[in-house]
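The values are calculated or read from the model by the stated rules, or taken from the named source; none is laboratory data. Predicted model only: the values in this text are computed from it and were never measured. So basically every Cβ, Gly included, is an ideal-geometry build from the backbone, and we count neighbours across all protein chains shown.
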Amino acid sequence: MEKRLFKIICVAIFLSSSVTYAEYELGCNDPDYHQYVVNQSAFYDENNRRLFSRSQREYQTSLEFSSNPYRAISDLSRHLRYSAQYDPINTVKFKIDTLLDLAENLRTDQKLAASVFDNFSSENHSVAIARAWVAYRQGNNEIAFDELIASTELGDSVLMSSFGPDFMFARQIYADGHVQPVVNYLKASESFWNGEKADELRDAWRTMIKAECKILFQTFDNIKVIELGLKQVDLSQKYGID
């Protein structure tokens, strides 16, 4: 009994010390949380611009010097995530076409090898997300949201099932007030992104969406949803306490 009581007290102290310092008394309407979102969004933008420049150098180097076609495809696919946001639209379209041409020009045996590994799932996802960005930037929202869902039609994907889909575009459209496409995207991600962590994040985001809360769609949101007072910690699951 004493051991059990001690364990409960320790958990209470842990929760108090880890949550109280960042607890938002007004929940999703708390100005401190809104400022946190503004600051984090600015940080993400700055970091993405750095990654845009770095990934561009990497894919150009791969195209020019690497004899491995997979390297160029992988590097350009990674770069598209940032190019779609910051490059002129015609440049983004050119890079999409370049990636597709690289994949098409692989020899048959190379295509088979790629298919055995992951069927270009990550690359296909990147292309669809890039097309979604292009359509959205041009004001073609219906096409953009269709491309967002198309980006999840992957089949079996080792990488995507482990690391999940790209949420940068979802973050942008949600901030702009387009909620339903994000809800649909979360639902579609269930077809390939599985496991406790994925389910926990989707649950946190759905809870925040229901509360009409600002969301960054980052891995820390499963903590933020508790700090915002939207979700209680399940002690029996997390800490083995009934």
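The rows are residues; the columns are (1) of a type in the set (Val, Ile, Thr); (2) modelled with pLDDT of 95 or more.
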site: Cys10; (1), (2): no, no
site: Ser17; (1), (2): no, no
site: Tyr24; (1), (2): no, no
site: Val38; (1), (2): yes, yes
site: Glu46; (1), (2): no, yes
What's the number of the only condition in (1) within 18 Å of the chain's Cα centre (by Cα); (2) in the same structural domain as Thr207 (by TED's automatic domain parsing) that Asn29 fails to meet? (1)
Among the residues of the stretch 179-205, write down those that are in a loop (DSSP other than H, G, I, E, B) and among the charged types (D, E, K, R). Glu190
Note: among Lys197, Lys231, just one is within 14 Å of the chain's Cα centre (by Cα), at pLDDT below 95 and of a type outside the set (A, V, I, L, M), namely Lys197
Those residues of the stretch 172-210 which are over 25 Å from Glu142 (Cα atoms) and either in contact with a Leu (Cβ under 8 Å, 6 or more places away or on another chain) or surrounded by 20 or more Cβ atoms within 10 Å (Cβ to Cβ) (or both), in sequence order: Leu201, Ala204, Thr207
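Please work out if Ala128 is part of a helix (DSSP H, G or I) and without any contact (Cβ under 8 Å) to a residue 40 or more places away in the chain. Talk me through it step by step, then tell me what you get.
Working: part of a helix (DSSP H, G or I): yes; without any contact (Cβ under 8 Å) to a residue 40 or more places away in the chain: yes.
Yes: the conditions hold for Ala128.
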Give Ala198, Ala175, Ala188, Ala150 a once-over and let me know the one that is small (Gly, Ala, Ser) and closer than 17 Å to Leu80 by Cα. Ala150
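Filtering the stretch 140-178 down to residues that are charged (D, E, K, R) and in a helix (DSSP H, G or I), which residue is nearest to Arg202 (Cα to Cα)?
So the residue we want is Arg171.
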Of Arg71, Arg54, which residue is closer than 29 Å to Asp221 by Cβ and modelled with pLDDT of 80 or more? Arg54
Just one of (1) modelled with pLDDT under 95; (2) within 14 Å of the chain's Cα centre (by Cα) trips up Ser157, so point out which. (2)
